[in-house]
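> Could you have a look at this structure, given as structure tokens, before my questions?
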């Protein structure tokens, strides 16, 4: 019964004073780092790093900037110092309590300065924020020192407090700058991932556009054939009963063509040249390699990458064909490697032609399959359940190269390791 009362009382207390992990972290961290400091006046007054930690937490999590948190932090710090002094060093309770109690005023005054609207507006400027912290820290220290027992504020003590506040301000500025660097790095990584996703999506749409154009060509031929058949059946008597049906069929095929054209126009609009369609070839190939490295890791394959660009710098504004070709050939190379192997990406530019040599040490392609691997649906890859892959990756490569006026040749070299090479040539438009 007593246990039940204790549980109910604890639950009631938690409702009155909600448990907050970030608040506990703020208070405990402030106390621990507050012990890192010095006593400039030979009394219990100290200049510690606890205030730097406290303001950093409030700076990073504005919801903690409340007078109640400042008061609670000050009281907890005083109690901890008194307990440590009494239990660890055997000091008398009353002098310890009287000497450390003004620390509560310090944290309350410091918090009051932080929650001012002017301080919040300066968060975008780390230097000004640090100057505000130095000012608030100095004023709060003066207040604490003024209420300390048997101590009078003079010019010397003010100089010491100003020096201490300046040093802590430098630490605060250094922490803010470090945090900002990490934040910018994370943002850059996210932007890079977003950029890579846009590129790969554009490449996929670009490749699928070729199939849509082929479909539209086939539809156009079917429309012409059905209309010619309609005309041939209607040239002489008797009137053929299938003639209206053929005319209707020709009209329906023509409608399918118009719908396909609308889809193709929408896809084409998504990949039209814009700010991110101009890129350095080195950067482009690095993006593809990074994506394929993640693909290899997701399949638990250890790949050693060999890259070489001949130290050439070249920017192009029509890189989707290159992206489609490299991405699909490298993906096929990774699939051909069972557990571990090597993949090479070597390229150079000769006049207006890009020469790429994409090799892998995976399962070799048999001579009989070399003429078939570019056909739609042909595949030698099967999942663990026996399901075949789509077999359209290298078909994309062939269609894109044909459209761009390029070509690809497959060769194999034997040495200590058997390499399968895709030698690709593709015209490029350099940026002037």
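FYI, it's all coordinate maths here, none of it is from the lab. As the structure is a computational prediction, the values presented were derived from the model and not from experiment. Note that each Cβ is placed from the backbone with ideal geometry, even for glycine, and that neighbours are counted across all protein chains shown.
> I need 20, 335 ordered by Cβ neighbour count within 10 Å, fewest first.
Ascending number of Cβ neighbours within 10 Å: 20, 335.
> In addition: At q = 0.13, 0.16 Å⁻¹, work out log10 I(q)/I(0) for segment 77-207 with the Debye formula, treating every Cα as an identical point scatterer and leaving solvent out; two decimals please.
-0.73, -0.94
> Which ordering of 309, 225 is given by a fewest-first count of other beta-carbon atoms within 10 Å?
Arranged by neighbour count, lowest to highest, 309, 225 become 225, 309.
> Kindly state, to the nearest 0.05, the FRET efficiency for residue 413 paired with residue 177, given R0 = 51 Å and r defined as their beta-carbon distance.
Rounded to the nearest 0.05, the efficiency is 0.45.
> Also, quick follow-up: So how far apart, in nm, are the two label points at residue 357 and residue 248 if each is 7 Å from Cα heading toward Cβ?
Rounded to a tenth, the inter-label distance reads 6.3 nm.
> Which order results if 281, 72 are arranged by neighbouring Cβ count within 10 Å, fewest first?
Going from least to most buried by this count: 72, 281.
> Now, a different point. Sorted from largest to smallest, which semi-axis lengths in Å does the alpha carbon gyration tensor of segment 46-125 give for its equivalent ellipsoid, taking the root of 5 times each eigenvalue?
The equivalent ellipsoid of segment 46-125 has semi-axes of 29, 11, 10 Å.
> Starting from 0.36 nm per residue, how many nanometres of slack lie between residue 162 and residue 423 once their C-alpha separation is accounted for?
Here the segment from residue 162 to residue 423 would lengthen by 87.0 nm.
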